[in-house]
Amino acid sequence: MSELWAAGLGLLRYEPTEMRIRASSGSRELVDTTRAVLVWEPRRVVASYAVPVAELRVELTESSVEPVPAPDGILHPGIPFLAHSCPGQVVDVAGLAGAGFRPDDPELAEYVVLDFSAIDEWYEEDERLVGHPREPHHRVAVRPSSRTVRLELDGVVLAESSRPTLVFETGLPMRFYLPREDVVAELLPSERRTTCAYKGHARYYAVEGSKDLIWSYPEPLKEVREIAGLLAFFDDVLDVYIDGKLRERPTGPVAEALRQEFGI
């Protein structure tokens with residue numbers, strides 16, 4: 001499934017949305033439009049919003065910022081916006097250096113793609129977004145399970161549970177979210193924090209011998225509130241036994257991009 005999903009990332013793709021999209025920085029509203037387009041640059045995992053230039057409430061100016069060469073492989077969310085993987089013009093948006101991009105595509109000639117992270121607030125209708133724009137075909141399914149899951153690192157058991165919560169997310173491996181009481185490893189504090197557009201703000205823990213291996217959503221978004229306080233593992237580097245059977249570790253470009261993003 002993941003490899004088929006990855007195979008479709010090679011082209012510049014775009015899809016209109018009927019949602020009202022608003023963006024602002026500080027007290028300044030940049031755009032309020034019902035004609036936004038979700039744009040995926042080639043090999044980008046997540047989309048950006050493009051908005052009609054005519055509906056911008058601020059000025060676009062030619063930028064002195066140079067685009068960053070896009071690395072090979074899948075471009076995970078940690079790759080900066082300036083790493084463009086298709087031809088186009090970098091522009092400044094209301095003084096935000098390099099926060100806009102105008103792809104050389106006739107269908108997007110009247111649009112500018114905006115850097116989500118460079119802008120303070122984004123809204124779809126009246127709901128504030130976090131992380132990046134949500135994709136219309138992305139799905140996160142949270143399911144309770146009675147399967148027994150055991151996770152080991154170099155032969156040492158980190159956790160074992162017969163009451164896992166399983167999270168199935170488009171394009172990603174199945175993840176195991178376990179009650180804290182079923183984790184036997186000592187959790188070491190970490191400064192790392194990340195944001196998921198579909199789940200919310202995560203905090204991390206390390207275990208002896210591996211950093212930032214475990215994460216948790218103390219206050220997840222309402223769509224996935226069942227995972228609140230549970231602990232998930234970056235099991236791509238662990239031995240995972242499901243009902244006593246060793247699970248094959250994920251491989252391929254998606255798995256490699258995740259390892260790069262996590263730094264593991």
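Within the range 193-207, residues that are closer than 17 Å to V167 by Cα and at pLDDT 95 or above have Cβ atoms under 7 Å from residues that are part of a strand (DSSP E or B) and of a type in the set (S, T, N, Q) in these pairs: H201/T195; A202/T194; A202/S216, counting only partners at least 6 apart in sequence or on another chain.
In the range 163-171, the condition of being part of a loop (DSSP other than H, G, I, E, B), more than 25 Å from V37 (Cβ to Cβ), of a type in the set (V, I, T) and at pLDDT 95 or above is met by no residue. Counting the residues of the range 176-211 that are in a strand (DSSP E or B) and out of contact with any Ser or Thr (no Cβ under 9 Å at 6 or more places or on another chain) gives 12.
Annotation: of all residues in the range 132-176 being among the polar types (S, T, N, Q) and touching a residue at least 60 places away in the same chain (Cβ under 8 Å), the one that is farthest from R249 (Cα to Cα) is T165. A single entry from A54, A97 fulfils the requirement of being in a helix (DSSP H, G or I) and not basic (K, R): A54.
For V68, indicate whether it is of a type in the set (A, V, I, L, M), at negative phi and touching a residue at least 60 places away in the same chain (Cβ under 8 Å). Judged against the criteria, V68 is not a match. Among the residues in the range 225-243, are any of a type in the set (D, E, K, R), modelled with pLDDT of 90 or more and over 18 Å from R150 (Cα atoms)? Within the range 225-243, one or more residues are of a type in the set (D, E, K, R), modelled with pLDDT of 90 or more and over 18 Å from R150 (Cα atoms).
Taking the range 106-160 as the region of interest, the strands (runs of 3 or more DSSP E) fully inside it that hold 1 or more residues being more than 24 Å from C196 (Cβ to Cβ) and not aromatic (F, W, Y) are 111-114, 149-153. Among the residues of the range 212-264, those identified as within 19 Å of T194 (Cβ to Cβ) and part of a strand (DSSP E or B) are D212, L213, I214, W215, S216, Y217, A228, L231, A232, F233.
Those residues that are among the polar types (S, T, N, Q) and either surrounded by fewer than 16 Cβ atoms within 10 Å (Cβ to Cβ) or touching a helix residue (DSSP H, G or I) at 6+ places or on another chain (Cβ under 8 Å) (or both), I need them from the range 161-208; list them, please. Let's see the steps before the verdict.
Let us first name the residues in the range 161-208 that are among the polar types (S, T, N, Q), namely 161-162, 165, 170, 190, 194-195.
Of everything in the range 161-208, those that are among the polar types (S, T, N, Q) and either surrounded by fewer than 16 Cβ atoms within 10 Å (Cβ to Cβ) or touching a helix residue (DSSP H, G or I) at 6+ places or on another chain (Cβ under 8 Å) (or both) turn out to be S161, S162, T165, T170, S190, T195.
What about L158, is it aliphatic (A, V, I, L, M), buried (at least 18 other Cβ atoms within 10 Å of the Cβ) and not assigned by TED's automatic domain parsing to the domain that holds A36? So L158 fits the description; yes.
With respect to the conditions (1) at pLDDT below 95; (2) touching a Ser or Thr at 6+ places or on another chain (Cβ under 7 Å); (3) surrounded by fewer than 19 Cβ atoms within 10 Å (Cβ to Cβ), R43 falls short on a single one, namely (3).
The values are calculated or read from the model by the stated rules, or taken from the named source; none is laboratory data. A quick note: this is a predicted structure, and the numbers were derived from the prediction, not measured. Quick reminder, even Gly has a Cβ in these numbers, built from the backbone with ideal geometry, and neighbours come from all protein chains shown.
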